[in-house]
Amino acid sequence: MPPRRRGAALGALGVAIALLSWELCAALGVVDELFTSRPSEILVAGRAYFTTGTGWRDLMVSATEFLAGFGLALVVGLALGLAIGWWRWLDQLTEPLVSFAYASPRIALVPLLVVWFGIGLGSKVAVVFISAVFPIILSARTGVRTADPGLLALARAFDANRRQLFRTVILPGAVPSIVTGVRLAIGVGLVGMVVGELIASSEGLGHTILYAGNTFQTPLMFVALFVVSGAGVLMTVAVRAVERRLDRWRPESHA
């Protein structure tokens, strides 16, 4: 069996074992179903959630908030990260601000963002943006700064100008670091989306998690939680696929 298929099979087996163990623990009374539910009940709740249309509506609301905020973070983060990595003076100018913003508890700003942008789409987009943008900025900056010195020397030996250096050496070499930052940004962006909906929303997956938890509808709470987590897994897989395609663009090391 190819290594990739073997890894996927082992991962599926691990998930199956975890779900079966969870089901058995609930059936045997090892855990309290009121607080933990069980996979079979979550499946039933999920079917009802999406059959009534509520699930699809919440999914569309949350997807709109996340994609808008994450897309903006991707554009701004890549542009700023590559720029501060390429121009040292810009890095020195922005480094204190970026470090301060990255180290601050950005989720604590959610109430302020609600005041600024209201309880509609704008505040949730802003929460996703401020959550996701900094991992992308820092990863892009790191990717530029850790360019292969051998390749840079080789390109300069052939009289490559700064634009050619950036396009043929710097940017392709920064891909692994950027991909790592994007994968981290997906996770924190989803957390920001859920937190924004927990605090100021009447719909969306985060609101459903809060409502189900407050009303002790544990299966429904897990349904919404699994949808968010599943979306994160799918996006991470998509990013990995893009990374494999971009590997062909990366130059070989000459260090």
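The values are calculated or read from the model by the stated rules, or taken from the named source; none is laboratory data. None of these values were measured; they are calculated from a predicted model. Positions of Cβ are backbone-derived with ideal geometry, glycine not excepted, and every protein chain shown enters the neighbour counts. Heavy atoms of the whole protein, side chains included, go into the accessibility calculation; ligands, DNA and RNA do not. Shrake-Rupley method; radii C 1.70, N 1.55, O 1.52, S 1.80 Å.
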Quiz item: For the stretch 93-114, what are the residues that are open to solvent by 80 Å² or more (accessible area, probe 1.4 Å) and among the small types (G, A, S)?
Solution: A103
Quiz item: Of the residues G206, G173, G189, which is touching a residue at least 60 places away in the same chain (Cβ under 8 Å), open to solvent by 30 Å² or more (accessible area, probe 1.4 Å) and of a type outside the set (K, R)?
Solution: G173
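May I ask you to say which residue of L80, L59, L90 is under 30 Å from V169 (Cβ atoms) and buried (at least 19 other Cβ atoms within 10 Å of the Cβ)?
Just one listed residue meets the conditions, L80.
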Practice problem: May I ask you to list pairs of residues, at least six apart or on different chains, whose Cβ atoms are under 9 Å apart, with the first in the stretch 107-119 being in a loop (DSSP other than H, G, I, E, B) and the second being of a type in the set (S, T, N, Q) and surrounded by 14 or more Cβ atoms within 10 Å (Cβ to Cβ)? | Solution: I119/S201
Quiz prompt | Top-ranked residue of the stretch 1-17 - restricted to ones that are modelled with pLDDT of 85 or more and open to solvent by less than 60 Å² (accessible area, probe 1.4 Å), ranked as farthest from A212 (Cα to Cα) | solution = G14
Quiz item: Exactly one of (1) assigned to a helix (DSSP H, G or I); (2) open to solvent by 70 Å² or more (accessible area, probe 1.4 Å) is unmet by S21. Its number?
Solution: (2)
Quiz prompt | Whichever residue in the stretch 24-43 is exposed (fewer than 12 other Cβ atoms within 10 Å of the Cβ) and touching a residue at least 24 places away in the same chain (Cβ under 8 Å) and, among such residues, is nearest to the chain's Cα centre (by Cα) | solution = F35
Quiz item: Do you know which residues across the stretch 209-227 are surrounded by fewer than 19 Cβ atoms within 10 Å (Cβ to Cβ) and assigned to a helix (DSSP H, G or I)?
Solution: L210, Y211, G213, N214, L225, F226
Quiz item: Does any residue of the stretch 62-79 turn out to be in a helix (DSSP H, G or I) and either farther than 26 Å from L113 by Cβ or touching a Pro at 6+ places or on another chain (Cβ under 8 Å) (or both)?
Solution: yes
Quiz item: Is it true that A174 is touching a Leu at 6+ places or on another chain (Cβ under 8 Å), modelled with pLDDT of 80 or more and farther than 26 Å from T64 by Cβ?
Solution: yes
Exercise. Kindly establish whether F100 is farther than 30 Å from F166 by Cβ and either part of a helix (DSSP H, G or I) or touching a residue at least 12 places away in the same chain (Cβ under 8 Å) (or both).
Key: no
